Amino acid sequence: MELRVARTFEAIAGIHTAIEDFCAQRAISESATFAVKLVVEELFTNLVKYNRGGGETILLGLERTDDRLIIRLTDHDVDSFDPAQVPPVDVSAPLATRRAGGLGLHLVRSYVDEFDYEYTDRTMRITAIKILEADDV
């Protein structure tokens, strides 16, 4: 599935519906569907909020191959920012010593098995892969 999504926070409801439909058609469990929705919402929100430049839409791709669910977000005409290089959050550190931000990417990393970033010719592509376990299908 590929879907061009308006670069607005209001688009998130439609994204959730598209993910729910995609997962239901492929017999993916509610818990895995929830994880995919959370991952896509966090990544999409970051693209809308922080990417400099950018067109009117962001491309969302979902693909299932055997035991893998592949999530791709592609943002055109943007500056480079590699979210894969954001250091892990030390969730055991006291709140007073932590810097603001980064928890969304922490959640994304906790729900997916692979996380990759590519940047070429002002085009950013984030790929996240969730390996589906027996209870996810």
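For a footprinting-style exposure proxy, rank Thr120, Thr33 by other Cβ within 10 Å, fewest first.
Exposure proxy ranking, most exposed first: Thr120, Thr33.
Helix check for the chain. Which DSSP H runs span at least 27 Å along their own axis by Cα, with a mean Kyte-Doolittle hydropathy no less than -0.5?
Values: long enough: 30-50 (29 Å, 0.58).
Span-like helices, by this rule, are 30-50.
Going by the alpha-carbon gyration tensor, a ≥ b ≥ c the square roots of its eigenvalues, is the chain rounded (a/c under 1.5) or, if a/c is not under 1.5, prolate (a/b greater than b/c) versus oblate?
Numbers: a/c = 1.71, a/b = 1.13, b/c = 1.51.
It is oblate, given that a/c is not under 1.5 and a/b is not larger than b/c.
Among Leu62, Leu69, which comes first, then next, by fewest other beta-carbon atoms within 10 Å? Please list the in-between numbers first.
Working: Leu62 18, Leu69 26.
Going from least to most buried by this count: Leu62, Leu69.
Quick one: order Ile131, Ile12, Ile58, Ile71 by neighbouring beta-carbon count within 10 Å, fewest to most. Could the numbers behind the result be given before it?
Details: Ile131 13, Ile12 16, Ile58 25, Ile71 22.
So the ranking, lowest neighbour count to highest, is Ile131, Ile12, Ile71, Ile58.
With a cap of 11 neighbouring Cβ atoms within 10 Å, and only residues DSSP puts in a loop, list the trypsin sites (Lys or Arg not before Pro) found in region 1-85.
Numbers: sites: Arg4, Arg7, Arg26, Lys37, Lys49, Arg52, Arg64, Arg68, Arg72; in loops: Arg7, Arg26, Arg52.
In loop regions of region 1-85 (DSSP not H, G, I, E or B), the sparsely surrounded trypsin sites (Lys or Arg not before Pro) are Arg52.
Would you work out the charge dipole size for region 2-136 about its Cα centre, treating the Cβ of every Lys and Arg as +1 and the Cβ of every Asp and Glu as -1, and quote it to the nearest 20 debye?
Values: 15 positive and 24 negative charges, 98 e Å.
The dipole of region 2-136 has a size of about 460 debye.
Please list the non-local residues whose amide H lies under 5 Å from the amide H of Arg68, H modeled 1.01 Å from N, same-chain partners needing a gap of 5 or more.
Here Leu132 satisfy the definition.
Quick note: the coordinates plus some simple rules give every number you see, no bench work behind them. Small disclaimer: the values here were computed from a predicted structure and weren't measured. Counting neighbours? That spans all protein chains shown, and the Cβs are built from the backbone with ideal geometry, glycine included.
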